[in-house]
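Asker: Take a look at this one; I'll ask things after.
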Amino acid sequence: MRAATPVGLCPSAIATLFVSLFTTSCSSPLNPVEPGRPELAAVTAAALTDLGTLGGSHSEALAINARGQVAGFSTTATGERHAFFWDGGAMRDLGVFAGGTFGTPFIALNDAGQVAFTSVVASGERHAVLWDGTTVHDLGTLGGDYSEATAINATGQVVGFSRIVAGDVHAVVWDRGALRDLGLGRALAINRRGQVTGFSVSHAFLWNGTTLMDLGTLGGGTSVGTIINERGQVAGVSSLASGTSHAFFWDGAAMQDLGAVGGDDWPGDPSSWFSGATAINARGRVAGFSAGVLPAQELAFFWDGTTMRSLGTLGGADSHAMAMNDRGQVVGQAALPSSTCYNYEVGCHAFLWNGTTMIDLGSLGSGPSVALAVNRQGQIAGWSSPGDLHLFAPIHAVVWTLGTTSVATALTTGER
């Protein structure tokens, strides 16, 4: 499934990375992992806030932290793409945004309000940068002409990748001015403890601050660790000996194959279905998407520690899970009746899955919407278009704020 965006940027950087590495067809917003195990809540309302733009017609909110602050990118009046930070008022322009080696936007935000992204710097090169709340700092490279930031943790450590003098790309960690080379590959996620995952050459890895551990594969030749929680549990995607690829969960020993789910009308052998993990929470629950043999065949999934289940759709052909919080609330995009999210169709809306039900979050008008990030409070960031998407259609960054009732209250009042 392709996310409905007219500039060729899928809404989840990690999802598109899966497609780039493991499939033949064609999204980082990573939220801080939040502590605690609060109960799920019954959603009673969802207020939609239009964050506007930096003067252009296009903006997307890619990350939201526990304080409800948002980071993303927007076009300016002159057509440039700039990173932005939003804290309840007007967007703050952070400067030129140039992220996206894979054609995808990586912008990372922590609870301190620090933003890591990739920008054109004074030399004219594209470098990973860190905005500390007042100033954008160039994080440099490993000697080459390019670096990119993919994620940031609560202490301000940034991970990503950089080109070396010889031209190869290496995984890196930027830590208070020091640049650590993790070797050939790319770093994609980091937790509060400074543990990092990504891929080295062709295998997923875990770096614990001193040692790089090869996590292996599910029997095939390649794997990618895309997400990590505070316990050091890793999820991602790995190829199988059969040739397809599945989402995996790693908990310190061996990779666990999470399998794949499909629709009743999906043709072909289920053993050929693809799956990939896009989110993990502090309890080790995993969300992502499963895909069949056709481009429009994708279904969001939730893995509860033992079983993968399909989250279904909003009545249409497909769905895709983008992010999840520690309450187990999953957000993403799903097709409305008689529609699909593939090929940028209008009938594709942001959704919230509250543990039992997929809820349509609506849009700014008659157009599509996508949810890309969710915090512990259930605030959701993404984008929406007020009408049918076309080349010059406006797209605005948005935030959904949920009105909720606790499970205990819902059980006694009958709201759940």
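The values are calculated or read from the model by the stated rules, or taken from the named source; none is laboratory data. Keep in mind the model is a prediction, meaning the values are calculated, not measured. No Cβ is skipped: glycine too gets one built from the backbone with ideal geometry, and neighbour counts run over all protein chains shown.
Asker: From 163, 193, 180, which residue is surrounded by 15 or more Cβ atoms within 10 Å (Cβ to Cβ), outside any strand (DSSP E or B) and modelled with pLDDT of 95 or more?
Answerer: Result: 193 is the single residue among 163, 193, 180 that is surrounded by 15 or more Cβ atoms within 10 Å (Cβ to Cβ), outside any strand (DSSP E or B) and modelled with pLDDT of 95 or more.
Asker: What is the one condition in (1) over 21 Å from residue 222 (Cα atoms); (2) at pLDDT below 95 that residue 270 does not satisfy?
Answerer: Unmet condition: (1).
Asker: Identify, please: which residue in the range 199-231 is over 21 Å from residue 169 (Cβ atoms) and within 18 Å of the chain's Cα centre (by Cα) and is, among those, surrounded by the most Cβ atoms within 10 Å (Cβ to Cβ)?
Answerer: Per the criteria, the residue is 229.
Asker: Does the range 245-290 hold any residues that are hydroxyl-bearing (Ser, Thr, Tyr) and crowded, with 18+ Cβ neighbours inside 10 Å, and which are they?
Answerer: 245, 275, 278, 290
Asker: On to the next question. Considering only residues that are outside any loop (DSSP other than H, G, I, E, B) and in contact with an Asp or Glu (Cβ under 9 Å, 6 or more places away or on another chain), which ones fall in the range 361-375?
Answerer: Result: 370, 372.
Asker: Can you tell me which of (1) at pLDDT 95 or above; (2) under 18 Å from the mean Cα position of the chain (by Cα); (3) closer than 20 Å to residue 384 by Cβ is the one residue 341 doesn't meet?
Answerer: Against the list (1) at pLDDT 95 or above; (2) under 18 Å from the mean Cα position of the chain (by Cα); (3) closer than 20 Å to residue 384 by Cβ, residue 341 comes up short only on (1).
Asker: State the number of residues belonging to the range 126-147 that are among the acidic types (Asp, Glu) and either touching a Phe, Trp or Tyr at 6+ places or on another chain (Cβ under 6 Å) or exposed (fewer than 14 other Cβ atoms within 10 Å of the Cβ) (or both).
Answerer: 1
Asker: Take the residues in the range 232-244 that are crowded, with 16+ Cβ neighbours inside 10 Å and not aliphatic (A, V, I, L, M), then tell me which one is nearest to residue 272 (Cα to Cα).
Answerer: 244
Asker: Residues that are of a type in the set (Ser, Thr, Tyr) and within 28 Å of residue 248 (Cβ to Cβ): does the range 367-383 have at least one?
Answerer: no
Asker: With respect to residue 292, is the statement that it is over 21 Å from residue 360 (Cα atoms), at pLDDT below 95 and either polar (S, T, N, Q) or out of contact with any Asp or Glu (no Cβ under 7 Å at 6 or more places or on another chain) (or both) true?
Answerer: yes
Asker: Inside the range 315-360, can you point out the residues that are in a loop (DSSP other than H, G, I, E, B), charged (D, E, K, R) and in contact with a Leu (Cβ under 9 Å, 6 or more places away or on another chain)?
Answerer: Matches in the range 315-360: 318, 327, 345.
Quick grid of which residues meet (1) at pLDDT 95 or above; (2) within 27 Å of residue 236 (Cβ to Cβ); (3) under 18 Å from the mean Cα position of the chain (by Cα):
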residue: 309; (1), (2), (3): yes, yes, no
residue: 328; (1), (2), (3): yes, yes, yes
residue: 376; (1), (2), (3): no, yes, yes
residue: 398; (1), (2), (3): yes, no, yes
